[in-house]
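Reading through the structure tokens given below for one structure.
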Amino acid sequence: MPSYDYDLFTIGAGSGGVRASRVASAHGAKVAVAEEYRVGGTCVIRGCVPKKLLVYGAHFAEDLKDARRFGWNVPDCSFDWSVLRDNVLADVDRLEKAYTETLGNHKVEVIRERAVVKGPHEIALASGRTVTAGKILIATGAWPLIPDVPGAEHGITSNEVFHLPELPKRVVIAGGGYIANEFAGIFNEFGSKVTIVNRSDAILRGYDEQIRDRLLQISMIKGIEFRFNAPFEKIEKLEDGSLRIFMQGCDPIEADCLIFATGRRPKSDGIGLEEAGVALNEKGAVVVDEDNRTSVDSIYAVGDVTDRVQLTPVAIREGQAFADTVFGGKPHRVDYGCIPSAVFSHPPLAGVGMTEGQARNKLGSIKVYQSDFRPMKNVLAGRNERSLYKMIVDAASDRVVGLHMIGPDAPEILQAAAVAVKAGLTKQAFDDTVALHPSMAEELVLLK
Ligand code: NDP
């Protein structure tokens, strides 16, 4: 048996890489992980975590307004972006430290350098050192994709948004997906003028159409503007530092900040993959089999770099399955069925399983139950904002095949309800469950 410096060398200390490394180490492997930036990856450093904290911060705008209807004497309030930004960034520092400590506690060596694959068992580090490993794991994640338009360099991405020196008065967001709708909600609540510009005529492709329509309608009522079928032509920087954004089919918009939220590309460039014989697909994603193995036997990949499902909990499961299978003698595979997901827009939406459209195409005969209601908190607050819950049921088996909702706390409610959908429960099982009153979630067991 050849001897290597490490049993496992992981490139990228994000959600997937950290989980795989510490579990492999707990299984007895000698593990190192290389990270060129910060331990924690997109989710912890510049994604899910700081974004969710901004969502909380933004929601106070509505809570403070509504509080007056609940008897609170709320004086005129103002928002200080720098306070929230700095507190969020401090929490990110705390989490990075916690992640680094976890790796240390699991005896994983953290190498804070860029690493490049040199062969099936060889890795070159930026310092000039070359190390060897029995297995190499690619967990480098994904990176914002910026459309190729003149002046694109004047825009920023979600990477930079957490560091803005001040709150922009006018924000244009390119794209109509997760990041666009989440940041549109955040900046709108902070008082910025927000315009979403998308190349197509839809937002959040993949989510149930009625739920998407409801978000669009509520967002417009809240003051967010939308420009559809408007691909960018060019972006000009004006003398006062602001931007003029030109699109096809509509007048230019002036803005203080342009955020590109036009998808994320696997981060597979420049790390020696193709040279080492690792196959990539046309989008640059590392091609893997069901056991996360690439076209090179000793090289594996997990998470966004494989472009299967770009979600943190999926990357974590892939990292766990890889480590248990390869180093723990407990082979298992990730089950990609019924993965719940959410968009932390204002209000948030969430879904699991098939949309109505998908179910009609796949199953033919379905039943759709829905509740379109105004949450009691909104009624007293005088907030004319309705929630929508939809349940999609296979008519032949009575099995619930999809649940979709938009409204306050939708992601919290859906996470619990997703257990029932994943378990294959029937509509009857929901009906048999006594309502928990008064709650919004009780709508799920009262659908007629
Ligand atoms: P999305 O894939 O959600 O949306 C991309 C948007 O950009 C779409 O509206 C798409 O238009 C548009 N678009 C794509 N390519 C181009 C292009 N070349 N030029 C102009 N517009 C383009 O990507 P995001 O960047 O919002 O997020 C990336 C991923 O990160 C998500 O897919 C998700 O997996 C993950 N994420 C998850 C979150 C969560 O779980 N809450 C939060 C944030 C991100 P159209 O489709 O209309 O053609």
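Kindly provide the set of residues from segment 242-273 that are at negative phi, assigned to a loop (DSSP other than H, G, I, E, B) and within 14 Å of the ligand (Cβ to nearest atom), ordered by number.
Of the residues in segment 242-273, the ones at negative phi are 242-248, 250-262, 264-269, 271, 273.
From what is left, the residues that are assigned to a loop (DSSP other than H, G, I, E, B) are 242, 248, 256, 261-262, 267-269, 271, 273.
Residues satisfying the conditions are Gln248, Ala261, Thr262, Lys267.
Of the residues screened, Leu388 is one that is closer than 30 Å to Leu64 by Cβ and modelled with pLDDT of 95 or more.
The residue list Val314, Val278, Val326 contains one member that is within 11 Å of the ligand (Cβ to nearest atom), crowded, with 18+ Cβ neighbours inside 10 Å and touching a residue at least 12 places away in the same chain (Cβ under 8 Å), which is Val314.
Given Glu166, Glu239, Glu189, which one is in contact (Cβ under 8 Å) with a residue 40 or more places away in the chain and not in a helix (DSSP H, G or I)? Testing whether each residue is in contact (Cβ under 8 Å) with a residue 40 or more places away in the chain and not in a helix (DSSP H, G or I) leaves just Glu166. Of the conditions (1) more than 18 Å from Cys250 (Cβ to Cβ); (2) more than 9 Å from the ligand (Cβ to nearest atom); (3) buried (at least 19 other Cβ atoms within 10 Å of the Cβ), Asn159 satisfies every one except a single condition; which number is it? Checking Asn159 against (1) more than 18 Å from Cys250 (Cβ to Cβ); (2) more than 9 Å from the ligand (Cβ to nearest atom); (3) buried (at least 19 other Cβ atoms within 10 Å of the Cβ), the one that fails is (3).
Annotation: of all residues in segment 187-236 being among the aliphatic types (A, V, I, L, M) and within 12 Å of the ligand (Cβ to nearest atom), the one that is farthest from Val55 (Cα to Cα) is Ala230. Answer yes or no: is there a residue in segment 232-244 that is touching a Gly at 6+ places or on another chain (Cβ under 9 Å), surrounded by 14 or more Cβ atoms within 10 Å (Cβ to Cβ) and of a type in the set (S, T, N, Q). Checked segment 232-244: no residue is touching a Gly at 6+ places or on another chain (Cβ under 9 Å), surrounded by 14 or more Cβ atoms within 10 Å (Cβ to Cβ) and of a type in the set (S, T, N, Q). Among the residues of segment 206-231, those identified as buried (at least 19 other Cβ atoms within 10 Å of the Cβ) and farther than 22 Å from Glu189 by Cα are Tyr207, Asp208, Ala230. Answer yes or no as to whether Val49 is β-branched (Val, Ile, Thr), touching a Cys at 6+ places or on another chain (Cβ under 7 Å) and either on the phi > 0 side of the Ramachandran plot or surrounded by fewer than 20 Cβ atoms within 10 Å (Cβ to Cβ) (or both). So Val49 passes the test.
Looking only at residues that are in a strand (DSSP E or B) and in contact with a helix residue (DSSP H, G or I) (Cβ under 9 Å, 6 or more places away or on another chain) in segment 91-114, which one is surrounded by the fewest Cβ atoms within 10 Å (Cβ to Cβ)?
Glu109
The criterion of at least 3 residues that are within 16 Å of the ligand (Cβ to nearest atom) is met, among strands (runs of 3 or more DSSP E) falling completely within segment 330-398, by 341-343, 349-353. Scanning segment 169-186 for residues that are assigned to a loop (DSSP other than H, G, I, E, B) and either near the ligand (Cβ under 7 Å from one of its atoms) or polar (S, T, N, Q) (or both) yields a total of 3. Residues in segment 281-294 that are in contact (Cβ under 8 Å) with a residue 24 or more places away in the chain and either buried (at least 21 other Cβ atoms within 10 Å of the Cβ) or within 16 Å of the ligand (Cβ to nearest atom) (or both): Lys283, Val286, Asn292, Thr294. For segment 295-304, state whether one or more residues are part of a loop (DSSP other than H, G, I, E, B), more than 16 Å from the ligand (Cβ to nearest atom) and either over 20 Å from Ala24 (Cβ atoms) or β-branched (Val, Ile, Thr) (or both). Yes: segment 295-304 contains one or more residues that are part of a loop (DSSP other than H, G, I, E, B), more than 16 Å from the ligand (Cβ to nearest atom) and either over 20 Å from Ala24 (Cβ atoms) or β-branched (Val, Ile, Thr) (or both). Restricted to segment 1-87, the set of helices (runs of 4 or more DSSP H) holding at least 2 residues that are at pLDDT below 95 and farther than 14 Å from Gly141 by Cα is empty. Residues being acidic (Asp, Glu), touching a strand residue (DSSP E or B) at 6+ places or on another chain (Cβ under 7 Å), in contact (Cβ under 8 Å) with a residue 40 or more places away in the chain and surrounded by 15 or more Cβ atoms within 10 Å (Cβ to Cβ) are entirely absent from segment 115-136.
The values are calculated or read from the model by the stated rules, or taken from the named source; none is laboratory data. Only a predicted model underlies this, so the values are computations on that prediction, with no experimental measurement involved. Glycine gets a Cβ as well: all are built from the backbone with ideal geometry, and neighbour counts include every protein chain shown.
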